[in-house]
Every structure is written in structure tokens, then in C-alpha cells.
1. Can you work out which of the residues in segment 14-47 that are modelled with pLDDT under 70 and assigned to a loop (DSSP other than H, G, I, E, B) is farthest from residue 77 (Cα to Cα)?
2. Kindly establish whether residue 109 is within 12 Å of the chain's Cα centre (by Cα) and outside any helix (DSSP H, G or I).
3. Considering every residue within segment 60-80, establish whether at least one is among the hydroxyl-bearing types (Ser, Thr, Tyr) and at pLDDT 95 or above.
4. Scanning for something modelled with pLDDT under 95, farther than 19 Å from residue 86 by Cα, small (Gly, Ala, Ser) and in contact with a strand residue (DSSP E or B) (Cβ under 7 Å, 6 or more places away or on another chain), does segment 159-168 turn up at least one residue?
5. I need the full set of residues from segment 126-180 which are closer than 24 Å to residue 96 by Cα and in a strand (DSSP E or B), in order please.
6. Would you please list the contacts, defined by Cβ atoms under 6 Å and residues six or more apart or on different chains, that run from a residue in segment 92-107 that is under 12 Å from residue 145 (Cβ atoms) and without any contact (Cβ under 8 Å) to a residue 12 or more places away in the chain to a residue that is exposed (fewer than 15 other Cβ atoms within 10 Å of the Cβ) and of a type in the set (A, V, I, L, M)?
7. What about residue 147, is it more than 17 Å from the chain's Cα centre (by Cα), of a type in the set (Val, Ile, Thr) and either modelled with pLDDT of 95 or more or closer than 19 Å to residue 73 by Cβ (or both)?
Amino acid sequence: MSPNNFAAVLPVAQGTITVGPVDYPTLPPGGVILRNTVVALNPVDWKIARNDAKFVGKVDDKSVEEAAAVVLNLHTIIGAAVEAGLDRPKDTKTANPSNGKKALVYGGSLSLGALAIQYLVQAGYTVISTSSPANHALVSGFRAAAVVDHTQSADVFVAALKQHGPYDFAFDAISTPPATAINAAVLGAQSGNIVLYSVGPPPADVDIPKT
């Protein structure tokens with residue numbers, strides 16, 4: 001008798017995730033089955049095709065919950081950076097020399113935003129980020145060059161972000177309609193081509209200019 005095997009299933013796009021029994025996998029010769037203790041998810045998971053694992057490792061000084069979040073979020077920001085053709089860090093301990101380019105990371109206190117800041121700084125970018133006053137010191141500690149208060153009025157907030165621009169790359173770790181609207185207002189005001197990378201599809205009710 002096969003062991004019980006349960007999975008979270010998304011039957012249709014934008015549907016409701018359900019948990020239920022699924023077929024137990026059949027092993028190829030020399031294969032192993034791993035029991036998942038924690039699985040991290042984010043809104044872009046439905047866009048990513050199933051693929052074979054290329055790397056397996058254990059992070060000794062992290063809980064399984066922390067390790068799952070780090071792996072997922074780091075994969076997300078690296079994927080966006082590679083897609084955008086950005087410079088990559090050459091060393092894990094020493095940051096690249098400054099490349100003279102600026103990156104905007106919206107939502108620097110989130111785990112995804114925090115990793116985005118650190119990755120981009122390591123790659124040589126000057127990073128401008130956002131947070132509430134309560135998390136200003138936290139986000140500054142990730143080596144953001146400036147942290148803009150997102151609790152200000154929209155007009156003041158947009159003006160402050162524009163003042164730190166123009167940006168060569170923008171990453172929205174929040175991607176709610178209000179966040180998308182702020183990013184669109186900031187990036188739409190600058191010249192040149194720039195793509196806003198977000199963790200969800202663009203809201204239908206937000207006008208996003210092409211730049």
C-alpha cells in the first residue's frame with residue numbers, strides 16, 4: 001500500500017487552492033522521494049513551469065521556514081535581474097564596484113524586497129527603496145542609499161521618489177494597485193526605456209505608461 005500523499009492544487013488560473021490526495025510518485029532507478037516540511041509560495045508561481053531540480057542543499061543556521069523563504073525570494077529577484085539583463089554580483093562577500101546605475105525597490109521591508117536590495121547592491125547598483133518610518137532603520141541596514149517614507153501623501157511620495165531618480169531598473173515587491181500606481185507615476189515621468197518588474201499581473205484599473 002502506497003503512503004498517503006497530499007498536495008495543494010490550483011485547478012484553474014485565479015481559482016481556489018485546494019488540498020487533497022494525489023497520486024504517489026513513481027521513482028526512476030536511483031531516485032529518491034523527499035518529504036516537504038515547508039513550501040514557500042508567491043504570486044508568480046503559476047507562471048513558472050515545472051522543471052527538474054538543479055541544486056539541493058541545506059542551510060545549517062536557518063529554520064526550515066526561513067530557508068524556504070530565502071530560496072523562493074532569492075530565486076524571484078535573480079530571475080527578474082537576469083531577465084532584465086542586469087549586472088550580476090561577482091562575489092558573495094564583496095560588492096561589485098559602483099556601475100553608476102540606480103535601482104528602485106518598492107517595499108524594502110518585505111523579505112523579497114530586502115533580498116532585492118542586497119542583491120542589487122552586491123551587483124553594484126545604487127538602490128533607492130521604500131518603507132514606513134518604523135522600518136526605516138531596517139531597510140537602511142540592507143544598504144539602501146535612501147529610504148523613502150511610503151506613508152506620506154501620494155503626491156509627496158511620488159515627488160520624493162522622482163527626486164532620487166531617474167532609475168535604470170525598478171522592482172515592486174508589493175504589487176498592489178496603489179503600489180503599481182505610484183510606480184507608474186514615478187517611472188512614467190522619466191525618459192528612456194524602463195520595465196517595472198512586479199510579483200503579480202498589472203491591475204486592470206491602473207494606467208501604466210509605456211516608457
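The values are calculated or read from the model by the stated rules, or taken from the named source; none is laboratory data. Everything numeric here is computed off the predicted structure, so don't read it as measured data. Don't worry about glycine lacking a Cβ; one is built from the backbone with ideal geometry, like all the others, and counts go over all protein chains shown.
1. Just the residues of segment 14-47 that are modelled with pLDDT under 70, to begin with: 14, 40-47.
Then keep just the ones that are assigned to a loop (DSSP other than H, G, I, E, B); that gives 14, 40-44.
Details: 14: 23, 40: 15, 41: 14, 42: 12, 43: 13, 44: 11 Å.
Checking each candidate, the answer is 14.
2. Details: within 12 Å of the chain's Cα centre (by Cα): yes; outside any helix (DSSP H, G or I): yes.
For residue 109, the condition - within 12 Å of the chain's Cα centre (by Cα) and outside any helix (DSSP H, G or I) - is met.
3. Of the residues in segment 60-80, the ones among the hydroxyl-bearing types (Ser, Thr, Tyr) are 63, 76.
When the remaining residues are screened for being at pLDDT 95 or above, the result is none.
No; the residues of segment 60-80 include none that is among the hydroxyl-bearing types (Ser, Thr, Tyr) and at pLDDT 95 or above.
4. No, segment 159-168 has no match at all.
5. In the first step, residues of segment 126-180 are kept if they are closer than 24 Å to residue 96 by Cα; the result is 126-130, 137-147, 164-173.
If the condition is that a residue be closer than 24 Å to residue 96 by Cα and in a strand (DSSP E or B), then 126, 127, 128, 129, 130, 146, 147, 169, 170, 171, 172 are the ones that fit.
6. Going by the 6 Å Cβ cut-off, there are no qualifying pairs.
7. Details: more than 17 Å from the chain's Cα centre (by Cα): yes; of a type in the set (Val, Ile, Thr): yes; either modelled with pLDDT of 95 or more or closer than 19 Å to residue 73 by Cβ (or both): yes.
Here the answer is yes, as residue 147 does meet what is asked.
Results for (1) of a type in the set (D, E, K, R); (2) surrounded by 18 or more Cβ atoms within 10 Å (Cβ to Cβ), shown as yes or no for each residue.
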residue	(1), (2)
92	no, no
96	no, no
103	no, yes
117	no, yes
121	no, yes
140	no, no
146	no, no
162	yes, no
